[in-house]
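Taking it in order: structure first as structure tokens, then the write-up.
The values are calculated or read from the model by the stated rules, or taken from the named source; none is laboratory data. Keep in mind that what you see is a predicted model, and the values were worked out from it rather than measured. Quick reminder, even Gly has a Cβ in these numbers, built from the backbone with ideal geometry, and neighbours come from all protein chains shown. When the accessible area is computed, the model is the full protein with side chains, heavy atoms only, and any ligands, DNA or RNA have been set aside. Shrake-Rupley method; radii C 1.70, N 1.55, O 1.52, S 1.80 Å.
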Amino acid sequence: MVAFETQLDGPALADLDRCVHCGLCLNACPTYRTLGLEMDSPRGRVYQMVQVTTGAMPLGPSYVEHIGLCLACRGCESACPSGVQYGRMVEAAREQIETHVKRPWRVRLVRRMVYGRLLESRFLLTVAGTLLYLYQASGIRKLVRAMGFLHLLGRLGDLELLAPSAEPPFFFGKIGKTFPAEGARRGRVAFLAGCIANISFARLNEATVRVLQRNGCEVVIPEGQGCCGALHVHAGLREKARRMARRNIDAIPAGEYDAIITNAAGCGSTLKEYGELLSGDPVYAERARQFAAKVKDITEFLAARELNRGMGRVEEVVAYQDSCHLAHGQRVRAAPRQLLKCVPGLTLRELPAADICCGSAGVYNVVQNAMAMQLLERKMAAVNATGARIIATANPGCMLQLQAGAQLHGTGQRVMHVVEILDQAYRAEPR
Ligand code: SF4
Ligand code: SF4
């Protein structure tokens, strides 16, 4: 049983008041496009936030449901002509729910384990990654899939498809090391390797380092770094996220690097908001602002430089799916497309509604699986129509979702990060 109470905190009224209820954001909202319900539109959610924040409506199950069904994709923010900061408001609403709603004990236990322990601990992530690897390598996963057992599990079967793979050797072994620039050094950057990505996207992280080296960067992977806190922010656990932000700020002195690089759009969006996250902390506020100013998505960083064109051909048709936290959260849309167009032999096909969320949205596809799967099915129909053999994107979470989409509704497409395609092009060039 979930317990509720009424309270007045949550999103700032000054933020909420910016919404003039024009409705220009409705068509940009994946849940509104799917359900056609005002309560599941940005405008409807803003209205509910105002009601709860002013005490006109209790913080009850209906509010929890409609705020919970929001992907926090921020598509509405890009569409809004009044500059409504929807992402910030929904995060505050989730913090409000987190503070005042008592969840069932099993949910609390899982959340405590994942957000309070697993994501913060290199040791626990390594243990989890090793167990996952044994499940995959022992053939149990193949057997389970081949026997069609997943279909019997219904939604649980979908969740198994979304589970990340373990990729030993894990990237944790590279943390604390420095990788020299290839050719003349044109810069020195710090690379943030993420948390789960060290286990499940170890090859992507290695490709990122190689591409940076090929582009004249000395790449430092600072010891002491950890999870950025993005998943915590999205779950309404801002205090925990602040702890993680402080840890990364201590580990990575911003003044020593030209840029702090991430290859995960979801992480980048939060890392760029460290200044805001720690604005009330007298010790860290200024350092957080300096840190955030140095954060760059890998595609944004590379596209702003003179790219090393020493690439071999990649004869592929590629469709690019925007990652919401890159397109809407960071307003980076042109850079990944620009990089893909630089790859010899590659044909880039524009995907209709490429900036509508695929349903990944952090752990949304796990906790709101039914809606996530509807969005994915629609997304894959659009991908299939392009005839592309590769789906490119810029965020590991989107990659997992699209990989599941390719298996369930696709035509055998491969899902790759933009930086992996660049890496393939560099490796194809005879040296
Ligand atoms: S969020 Fe922006 S676009 Fe949407 S209804 Fe409010 S003012 Fe209009
Ligand atoms: S963040 Fe995304 S899902 Fe939520 S209201 Fe805005 S567009 Fe809709």
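In nm, give the distance between the simple-model label positions of VAL127 and ALA304, each being 7 Å from the Cα along the Cα-to-Cβ direction.
That separation, rounded to one decimal, is 4.1 nm.
So how strong a dipole does the range 92-139 carry about its Cα centre when Lys and Arg Cβ are +1 and Asp and Glu Cβ are -1, to the nearest 20 debye?
On the way: 9 positive and 3 negative charges, 47 e Å.
Taking the Cα centre of the range 92-139 as origin, the dipole is about 220 debye.
Using a ≥ b ≥ c from the Cα gyration tensor of the range 232-274 (square roots of the eigenvalues), is it rounded, prolate or oblate, where a/c under 1.5 gives rounded and otherwise the larger of a/b and b/c decides, a/b for prolate?
On the way: a/c = 3.14, a/b = 1.46, b/c = 2.15.
Taking the square roots of the gyration eigenvalues as a ≥ b ≥ c, the range 232-274 is oblate.
Might you work out the accessible area of PHE301 for me, using a 1.4 Å probe with all protein chains in place, and round it to the nearest 10 Å²?
20
Can you tell me what the convex hull of the Cα atoms of the chain projects to on average, as an area in nm²?
Numbers: hull surface 83.0 nm².
Result: a mean projected hull area of 20.7 nm².
Apply 1/(1 + (r/R0)^6) to the Cβ-Cβ distance of GLU38 and ARG188, taking R0 = 41 Å, and write down the FRET efficiency to the nearest 0.05. Show your work: numbers first, answer last.
Numbers: r = 51 Å, r/R0 = 1.24.
In this case the efficiency is close to 0.20.
Could you please put THR54, THR393 in sequence from largest to smallest accessible area, using a 1.4 Å probe? Mind dumping the intermediate values first?
On the way: THR54 70, THR393 0 Å².
Result, largest first: THR54, THR393.
Over the range 216-361, what portion of Cα pair distances is larger than 26 Å, expressed as a whole percent?
Working: 3464 of 10585 pairs.
Considering the range 216-361, 33 percent of its Cα-Cα pairs are separated by more than 26 Å.
Compute the acute angle (0 to 90°) between the alpha-carbon long axis of helix 238-251 and the principal axis of greatest extent of the alpha-carbon atoms of the chain; round to the nearest 10°.
Taking Cα atoms only, the helix is inclined about 30 degrees.
Could you give the dipole magnitude of the chain about its Cα centre, charging the beta-carbon of Lys and Arg +1 and that of Asp and Glu -1, in debye to the nearest 20?
The calculated dipole for the chain is roughly 800 debye.
Keeping all protein chains in position, work out how much accessible area HIS21 exposes to a 1.4 Å probe, and write it in Å² to the nearest 10.
100
If you put +1 on each Lys and Arg Cβ and -1 on each Asp and Glu Cβ, how big is the dipole of the range 271-377 around its Cα centre, in Debye rounded to 20?
Details: 13 positive and 13 negative charges, 84 e Å.
Magnitude of the dipole: close to 400 debye.
Roughly to the nearest percent, how much of the accessible area of the chain is carbon and sulfur, given a 1.4 Å probe? Spell out each step's value before the answer.
Numbers: 10410 of 18240 Å².
In the chain, the share of accessible area belonging to carbon and sulfur is 57 percent.
If you add up the charges near CYS19, with Lys and Arg at +1 and Asp and Glu at -1, over every other residue whose beta carbon is less than 15 angstrom from its beta carbon, what do you get? It would help to have the intermediate numbers written out before the result.
Values: positive: ARG18, ARG43, ARG45, ARG74, ARG88; negative: ASP15, ASP17, GLU38, GLU77.
Neighbour charge sum, excluding CYS19 itself: +1.
What does the convex hull of the Cα atoms come to per residue for the range 309-389, in Å³? Please list the in-between numbers first.
Values: hull volume 8.2 nm³, N = 81.
Given the Cα convex hull of the range 309-389, per-residue volume reads 101 Å³.
Percent of Cα-Cα pairs per 10 Å bin, from 0 to the last occupied bin, for the range 1-91, please list those.
18, 53, 26, 3, 0
Net charge around GLY173, counting only other residues with Cβ within less than 15 Å of its Cβ (Lys, Arg = +1; Asp, Glu = -1)? Show your work: numbers first, answer last.
On the way: positive: ARG122, LYS174, LYS177, ARG203; negative: GLU167, GLU206, GLU223.
Surrounding charge for GLY173 is +1.
Which residue, GLN225, GLY280, GLY129, has the largest displacement toward the positive end of the dipole of the chain when charges sit on each Cβ (Lys, Arg +1; Asp, Glu -1)?
Checked the options; the winner is GLY129.
What net charge do the residues around GLY275 carry, taking every other residue with its C-beta under 10 Å from that of GLY275, with Lys and Arg at +1 and Asp and Glu at -1?
Numbers: positive: LYS272, ARG287, ARG289; negative: GLU273, GLU276, GLU286.
Within the 10 Å Cβ shell, the charges total 0.
Using r as the Cβ-Cβ distance of GLN136 and ARG414, and R0 as 22 Å, what FRET efficiency do you calculate, to the nearest 0.05?
Calculated value: 0.75.
So with the 1.4 Å probe, I'd like the accessible area per residue for the chain, rounded to whole Å². It would help to have the intermediate numbers written out before the result.
Values: 18240 Å² over 431 residues.
On a per-residue basis, the chain sits at 42 Å².
Between the range 235-310 and the range 337-376, what is the C-alpha centre distance in whole Å?
One Cα centre to the other: 24 Å.
Please give the contour-minus-distance gain from GLU256 to VAL114: 0.36 nm per residue of separation, less the Cα-Cα distance, rounded to one decimal in nm. Provide the component values of the computation, followed by the final result.
Values: separation 142, 0.36 × 142 = 51.12 nm, distance 3.24 nm.
Full-extension gain reported as 47.9 nm.
What is the projected area of the convex hull of the Cα atoms of the range 285-429, averaged over all directions, in nm²? Could the numbers behind the result be given before it?
Numbers: hull surface 38.0 nm².
Over every viewing direction, the Cα hull of the range 285-429 projects on average to 9.5 nm².
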